[in-house]
Structures are given as C-alpha cells and as structure tokens.
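Peer 1: Quick one: this structure, given as structure tokens, is what I'll be asking you about.
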Amino acid sequence: MACILLASSFAVSCHDIADDDHYKAPDWLKGNAWQVLESEGNHATFLKAIDLAGYKPIVNGQSVLTVMAPDDAAWQQFLQQKGYSSVEDMYAKDPAYLKKTVGYHLMYYAYDWSKLVNFRPNEGDGATAEQKQVDAGLYYKHRTRSMDDMEQMRGKLNGVDTTVTVYHYERYLPVLSYMLFNSKGIDAKTNYEYFFKEGEWTGGSKGFNVANASVTDNEAVITDNGYLYHVNKVVSPLETIYKTLKDNANYSDFISLYDRYAEFTEADQETSTTLGKVVYTLTHGVLPPIACEWPVTNFRQVSTLERRGYTILAPSNQAISHFFTTYWNPESGYRSLNDLDPLILQYFIMQSFADEVDPVFPEEINKGLVTTAYGTPVNINTSAVDDRLFCANGVVYGMNNMSAPAIFSSVVGPAFRDTTYQCFMYALDKSDLVLSLASDKSNFVTLMPNNLQFYQNEPQMRLNTTTAGRNLEVYSDVDGNFANMGSGQARSIVNMHTAANVSELTTTGTQVVETNTAFNYWYLHDGKITTSALFNQQLSPDYQGNPFVAFREVTNNGAPWSNGRAYSYDYPQLFAEASGDGLTHRLAVGNDRNYEYYLFAQLLQKAGLVANGGMPTITSDDTRYIVFVPTNQAIKENIANIPGCGSLKIADDYTISGTVSASNKLLLANYLRNYFVSSLMNTITSYPYPGSSCKGTFYTMGSESMVISENGGSLFAGFSADNMVGVVQKYYGLPFAFADGCMQFIDGILK
C-alpha cells in the first residue's frame, strides 16, 4: 500500500512540474536552426538550397554553428543576377557553386552578438574590459563550410615540375563590426562602402555587416545548435586575392610575374592524415601566400586565421606596360618583362603589398599611415583606384596607373634599372640596407659600381646563376673557390658607396664626403673622385699615379632620384674602406727618407716611443688618433727649436747626425706626445679637413692642448690660438685617414 501511495504521489508531482512555468522550456529556445527558419515561413529557398547542398544534417542537427540567413526575396534577387530560374536550376547547372554559396552562410562555432562585434580569440569569454579594448573588432573573419574541391595542378615541387593534388581550405567570411573601424580610427560608412558599393553600412554604433550584406536583427536569434542572424543579401563566396586577380584578364601580367615564384608546399600533416594521402597548397616562396585560403594551415592558430588579411596594390596590365616602357629603356638591358632579373621582380611585387596585419582601408592610406612590405610609403590616390576588391584573405586596390615604387625611384634605383649594376643590386639585397636607402626621411648620395668593377676586384667577385637562383659570390684565396658573399661583406661594400646628408657631388673645387663607413671618405677635387684609402697611396715613395678618377651622374631620366643623387666612377675595382697597416704602424716604421713623415718617425724612435713596430706608450687598441705631422723640411728648418734635439743636425737629404742624451730623450718624448690627439680623451666623430666638425680645443697625449681651426678653407693647428701652424696645401687639406686615426702634414713645428 505504501508503495502504491508513493507511486501515485510521484505521478501527481510530475504532472505539477510539467504545468509549472518555471520548468517550461524558455520561449527563446525555438528549436535548431533548421526548425527556426522553417517556422519563420520566408526561408523556403534557403532551406531548399541547404538540402540540395547536403548541409541539412548539420543545420537540422546538433552541430554547433552560426547561420547567416537570407530570406526568399534575397535569394530571388541573387538567382536572377546569376541567371538561374530557381535554386533547383542552379543546382542542376552548377552544384559545386551552390554548395560553396550555401556553405558560406554556415559558420563553424556559435558566435553571439558580442563575439561578432569583438571576437577575443586569445582571452575568450574571460577577457577583461581592458583586454577587450586591445585590437577590438580586428579579428574580423570567421571560418565557414564553403570550400572548393581538391584539384590536380602542375608546377614546381622542390624545383621539379610535377603534378600534385592541391587542397583548398574553407573560406573565411568577413564580418565587419563598428569596433573594427573604431580601432582603426576611421569612418565606418565611407570606408566600408568604398569596397562594397552594392552594400550599405548598417552596423551603426553597435552592430556589423557581413561582407556586402546587412544584418536585419538587433540581436542574435538563439537556436538549439547555435545562433542565427538574418541578412538582406545572399553573400557570394569571396575568393582569395590570387584567384580574384587570376580570373581577371586585366591582371594577367601581374599574376604571371607572381607565378614565377609558384611552388607547392605540403599541407600540414593532420590534413594529409585525415585525407589518407599527401596533399599540397600553392605557395609563392618569399612572396605572401595569397593563393591559399588560410594564412597558416593549422586551424588551431585562431588569432592568425581570424585576423590576417593581405592588402595588395595591384597594377593592371596597362599600368605595368606603361611603367615598364617609361622606367626601363632598351639601353638598360631589360627589353621586356621576361628579361627582368628575378630579384627585380621580387622587389617589384613585394612593394605591391602593404606591411599590415589587417586589411587596409582607404582612409588609412590617405592619412599616410600605410607602408609597403619594404617599409616605403604607400601614397596612391585612393579615389583613382579602378578595382576595389574585398577578398576572402584581404583586399585589392587594382590600378590602371602606377608610379615607380619607392625603391625603384630612390638612389638605389639605378641598380634595379640597368643590367650594368646587377652585381651591386645583389650586394644591396644581401646587405639588408635597401629599405634604409629608399627612405624619404633622408637624402643620400650613392656610387654605382658596375659589374666589371666587381669582376676585376681583389678579391674577385661575381654574380653566379645556379638551379637555386642567383648569388653574389667572392673568391677565397684560402680554398681557391668562390663562395656566397656574406651579409657583412655586402654591407661594407654598400656603406662604402653611400653617403647620407649630402645633396650632391661637386665638379669644381675640393669636397670631402663622409661615407656610411665610419672614418672613410670620398675626396673630390676638380671634378674627380677618390677614397681616403686610395688617397693614402700617395704616402708611398714609389707611388707615381693619380688616385683621382672621373665620375658622372646617373640620373632618373635627366632628374635626380627621389631622395638624392647617384653617380658612377671609373676606378677599375670597387671603392673599398681602408685596410692593412694603420697610422700607428706607419709612423713607427717610417724608415725611408723619401717618406714625407720620415724625420717625424725618426724623432719618435730617438725619443724611445717606438717598440715592436708600434708606439705602446702613446697608442692603444680600439683608439683613434689625430696627428699633425711636420714635414721633413719643417723639422729640418726647426730642429734646434725642438726640445731635446739641440745636438742633432739634419743634412739636405734628411740624414740625421748626432745623439740624444737620456735627459733630452725624455724632453723630446714629452714634446712629441703633444702632437697626438686621442679619442680616449676627446670625442672624435670626424677627422679634420676643411668643412669638418673637428674644430676647437682638444686634449693631447702630452701636457699641452691642441687647437684646431679653419680660416678661408685652410686648416690650422697649434698649442694656442696665437701660435697656429697651417696644414700644407699640397694635398688640398685632405687627411690621410686610417682605421686607427689620421695624419695631416703641417708646414712648421708646434710651439
């Protein structure tokens, strides 16, 4: 009896719960996405399309998803635009396209309104208010079930032409929220409608648009298996940038250039394992992978997949043709696009990409906020862009007109313009200095060494072509072979051929130019040029030549380059920085009376300042010295006035007779130290020459201070401003510069 009563009581209790509103299913839970759309009564076409495309089990099941739902009117408009009488007609004629279109409206995962406005892939639902403000709205695209079938493609795999199976990943659907535009600090309506002319920005101050479609809801519709949003258009599946341009005949030349780098890359192992066979993606080497639907092929890298979008400034065939004929001429050695060096193509194409993680909108370009992948300014006229294309993996600014990319119009332009300078172009690339020299923030002067100067150089250098590409190589005496040039050596070559903050090289008078290699100079005199290293040859008694050679300007069609001027020069080898014996060693071993510094070197020895080919009591490693050296004649005429030298006699051939006592030796040593100005005790940023910054009062290695001054283009040195000695004019006031210091000859002794 007790059991019967308990059962009866339980039955009554269950009946009461069923009638209790507290335990009823909530009104907002209206079934799964299929059931909700079916109950609304105006999505018959969409539901039919879902069924035909094979997605009904997903939409009408428990799979978690987000649905963007166009109504019957939107589908009718879409079918009419595409030339189909019905969705069944579309399926019959192009079932693959129907499946791609339907799948593009079915997003993986369940996104409520806040997630579509400001998705947080890293912090998730636990994001703090502060975290939500970082890059708000910029995770703008979401994975859908729309994808192309695998296809067989022929191309390069590990350098070998072959046929492989190319796998296409699912498309990502752009959801552009008001927070995306807020984060960029730009107007939502004008920037959105710049790309989506057939759409209208309706995201307001709290919502979003889905590609070209507007959302007609104010909040998400909750379903048993996710969320549903109503959109006013059927969204045509967006293609990759690569496919979009490849399908447009106006950009065939650009894609043809891009495809010179095409190669196949094995898809991630998980994809191949799932398919049971190895599949590949189409990539393009060093160029951005705009042919692949995903920027990375690992679906777990959500933050990259949801945000990374490329921006490409794509020149049309017309633009490329016009640019080629105006930039290159027959004399340059490049007669057609097919003749262009692969490195030129790489720089040309890479300058078409913006250096941004997110798609770039026109207002950002107009504000000067955008640079190319090489860091040069993007300064296109956005209102004159012919094709404004929003793609699945970024945006395209397609143009029928283009100016020379910044690198090509800068002072390194001649290297990219003329085959004569191909070796230097590869040195520039290897040095990683191209971007710095293309900057419009500074003025430069560059020297352009030609290929022959590389080939005749010591050591010899050459541009070698192998199956792996072209490399600048240098000959090694050690193993008797050529090896790829290192970046350090390439940087040295480029820096020695570059000068900053100088506007031009003069063709009259004397000019000293500080190169980008510290304490190495170009010297110009009467329209000819040399380097400080070559100038030093004149110190040798056996030297009978002239270190100066002719130079001439290399113009940009008769005008300077955008950030300076470029010149070629006639020396048979490359201009190189100073090497070999330095200043200290030369002064220590100057035992040939034909040296102009012979007597000064002899006095250093008699003072006991020289030992083992150096001057250890005066000089030290990693230190620079400025030495004002009296000429042999100046010392001969003033030997009696030099402390400690009263017993010395100098003949007309500069032979020294007499000895120096121990006490006089000390006097002489202390006196000679005053001729040396050291970087240990002074800030030395330049060697002294007419126009240099090396002026003023300096501590010497002795007890006196050195005053260096300039008057009327001539240099003077002395222990006081009232007792100055002039630098000899035989060498135009130019210093003999070495890695460890410089010497200037003076026509008297310091007192």
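The values are calculated or read from the model by the stated rules, or taken from the named source; none is laboratory data. Fair warning: this is a prediction, and the values are worked out from it, not measured in the lab. Backbone-built Cβ (ideal geometry, glycine too); neighbour counts: all protein chains shown. Heavy atoms of the whole protein, side chains included, go into the accessibility calculation; ligands, DNA and RNA do not. Shrake-Rupley method; radii C 1.70, N 1.55, O 1.52, S 1.80 Å.
Peer 1: Compute the signed sum of charges (Lys and Arg +1, Asp and Glu -1) over the other residues within less than 10 Å, Cβ to Cβ, of Glu553.
Peer 2: Around Glu553, the charge tally is +1.
Peer 1: Based on DSSP H runs of at least 4 residues, each adding -39500 (n - 2.57), what is the mean residue ellipticity at 222 nm of the chain after dividing by all its residues, to the nearest 500 deg cm²/dmol?
Peer 2: On the way: 29 runs with 217 residues, N = 751.
Helices in the chain give a 222 nm mean residue ellipticity of -7500 deg cm²/dmol.
Peer 1: Only one of the values [x] 14, 39, 34, 11, 2, 0; [y] 16, 43, 22, 7, 4, 5, 4, 0; [z] 14, 32, 24, 17, 9, 3, 1, 0 was calculated from this structure for P(r) over Cα pairs in 20 Å bins from 0, in percent; name its label.
Peer 2: [z]
Peer 1: Need the full-extension length gain, Ser476 to Lys695, defined as separation in residues times 0.36 nm minus the C-alpha distance. One decimal, nm.
Peer 2: 74.6 nm
Peer 1: Okay, next question. Go ahead and run the numbers for FRET between Thr128 and Asn158, Cβ-Cβ distance against an R0 of 41 Å, rounding to 0.05.
Peer 2: 0.30
Peer 1: Please list, in chain and number order, the residues 5+ apart from Phe698 or on another chain whose amide H is under 5 Å from its amide H, with Hs placed from the backbone.
Peer 2: Met706, Val707, Ile708
Peer 1: Here's another thing I want to ask about it. What size of dipole, in debye to the nearest 20, comes out for the range 452-564 about its Cα centre when the only charges are +1 on Lys and Arg C-beta atoms and -1 on Asp and Glu C-beta atoms?
Peer 2: With only Lys, Arg, Asp and Glu charged at Cβ, the dipole is about 280 debye.
Peer 1: At R0 = 45 Å, how high is the FRET efficiency between Ile222 and Ser383 if r is their beta carbon distance? Nearest 0.05 is fine.
Peer 2: 0.55
Peer 1: A further question on this structure: Which lysines have a Cα less than 18 Å from the Cα of Lys30, not counting those fewer than 8 places away in the same chain?
Peer 2: Straight-line reach from Lys30, under 18 Å: Lys56.
Peer 1: Relative to the longest principal axis of the C-alpha atoms of the chain, give the angle of the C-alpha long axis of helix 72-82, reported between 0 and 90° and rounded to the nearest 10°.
Peer 2: 60 degrees
Peer 1: May I ask you to list the lysines whose Cα is less than 26 Å away from that of Lys606, ignoring any residue fewer than eight positions away on the same chain?
Peer 2: The reachable lysines, counting only those whose Cα sits under 26 Å from Lys606, are Lys636, Lys649, Lys665, Lys751.
Peer 1: Holding the Cα-Cα limit at 19 Å, pick out from Lys115/Lys189; Lys115/Lys141; Lys243/Lys277; Lys184/Lys367 the pairs that are longer than that.
Peer 2: Lys115/Lys189; Lys243/Lys277
Peer 1: Here's another thing I want to ask about it. State to the nearest 20 debye the size of the charge dipole of the chain about its Cα centre, where the only charges are +1 on K and R beta carbons and -1 on D and E beta carbons.
Peer 2: Using only the charged Cβ atoms, the result is roughly 1640 debye.
Peer 1: So for the pair Thr507, Ser39, with labels modelled 7 Å out along Cα→Cβ, what separation do we get in nm?
Peer 2: It works out to 8.8 nm between the two label points.
Peer 1: Taking a cut-off of 23 Å between Cα atoms, list the lysines near Lys528, but don't count ones fewer than 8 places away on the same chain.
Peer 2: Those lysines meeting the cut-off are Lys730.
Peer 1: Another question, then. Find the accessible area per residue for the chain; the probe is 1.4 Å, ligands and nucleic acids are left out, and the unit is Å².
Peer 2: 44 Å²
Peer 1: Compute the acute angle (0 to 90°) between the alpha-carbon long axis of helix 487-496 and the principal axis of greatest extent of the alpha-carbon atoms of the chain; round to the nearest 10°.
Peer 2: Once rounded, the angle reads 60 degrees.
Peer 1: Each residue of the range 192-203 in order: what ³J(HN,Hα) in whole Hz does its phi give by Karplus 6.51 cos²θ - 1.76 cosθ + 1.60, θ = phi - 60°, with x for Gly and Pro?
Peer 2: Once θ is set to phi - 60°, the couplings for the range 192-203 become 5, 6, 4, 8, 10, 5, 8, x, 9, 5, 10, x Hz.
Peer 1: Which whole-number percent is the relative contact order of the chain (Cα, under 8 Å, 6+ apart)?
Peer 2: 7 percent
Peer 1: Quick one: work out the % antiparallel among DSSP beta bridges in the chain, nearest 5.
Peer 2: That works out to approximately 80 percent antiparallel.
Peer 1: Then there is this: What's the carbon and sulfur percent of the range 339-472's accessible surface, probe 1.4 angstrom, rounded to a whole number? Walk me through the numbers on the way to the answer.
Peer 2: Numbers: 2100 of 4800 Å².
The computed percentage sits at 44.
Peer 1: Counting other C-beta atoms within 10 Å, and keeping those with at most 15, which DSSP coil GluC sites (Glu not before Pro) do you find in the range 323-409?
Peer 2: Of the GluC sites (Glu not before Pro), not one in the loops of the range 323-409 has a Cβ with at most 15 other Cβ atoms within 10 Å.
Peer 1: How large is ³J(HN,Hα) for each residue in the range 550-564, as worked out from phi by the Karplus curve 6.51 cos²θ - 1.76 cosθ + 1.60 (θ = phi - 60°), to whole Hz, x for Gly and Pro?
Peer 2: Listing the rounded values in order: 6, 9, 8, 7, 9, 9, 9, 6, x, 10, x, 7, 4, 10, x Hz.
Peer 1: Per the 1.4 Å probe, what fraction of the accessible area of the range 473-539, in percent, lies on carbon and sulfur atoms?
Peer 2: 43 percent
Peer 1: Pop a pseudo-label 7 angstrom from the Cα along the beta-carbon direction at both Asn366 and Asn400 and give the gap in nm to one decimal.
Peer 2: Placing both labels 7 Å beyond Cα along the Cβ direction yields 2.2 nm.
Peer 1: Taking only the C-alpha atoms, wrap a convex hull around the range 236-311 and report its volume per residue in Å³ as a whole number.
Peer 2: In the range 236-311, the Cα hull volume divided by residue count equals 122 Å³.
Peer 1: Can I ask one more? In a solvent-free Debye calculation with one equal scatterer on each Cα, what is log10 I(q)/I(0) for the range 501-646 at q = 0.09, 0.11, 0.17, 0.21 Å⁻¹, listed in the order of the q values?
Peer 2: Results for the range 501-646 at q = 0.09, 0.11, 0.17, 0.21 Å⁻¹ read -0.41, -0.58, -1.05, -1.34.
Peer 1: If you add up the charges near Thr162, with Lys and Arg at +1 and Asp and Glu at -1, over every other residue whose beta carbon is less than 12 angstrom from its beta carbon, what do you get?
Peer 2: Values: positive: Arg154, Lys156; negative: Asp161, Glu263.
Its environment carries a net charge of 0.
Peer 1: Where the centroid of each part is defined by its Cα atoms, how far is the range 678-751 from the range 174-197 in Å?
Peer 2: Taking the Cα centre of the range 174-197 as reference, the centre of the range 678-751 is 63 Å away.
Peer 1: Give the peptides 454-467, 432-445 in descending order of average Cβ contacts within 10 Å, highest first.
Peer 2: Going from most to least packed, we get 432-445, 454-467.
Peer 1: Right, here's the next one. Would you give the gap between the C-alpha center of the range 343-405 and the C-alpha center of the range 642-670, rounded to a whole Å?
Peer 2: Centre-to-centre (Cα) distance: 74 Å.
Peer 1: Where does helix 2-19 land angle-wise versus the long Cα axis of the chain, in degrees 0 to 90, nearest 10?
Peer 2: Approximately 70 degrees, to the nearest ten.
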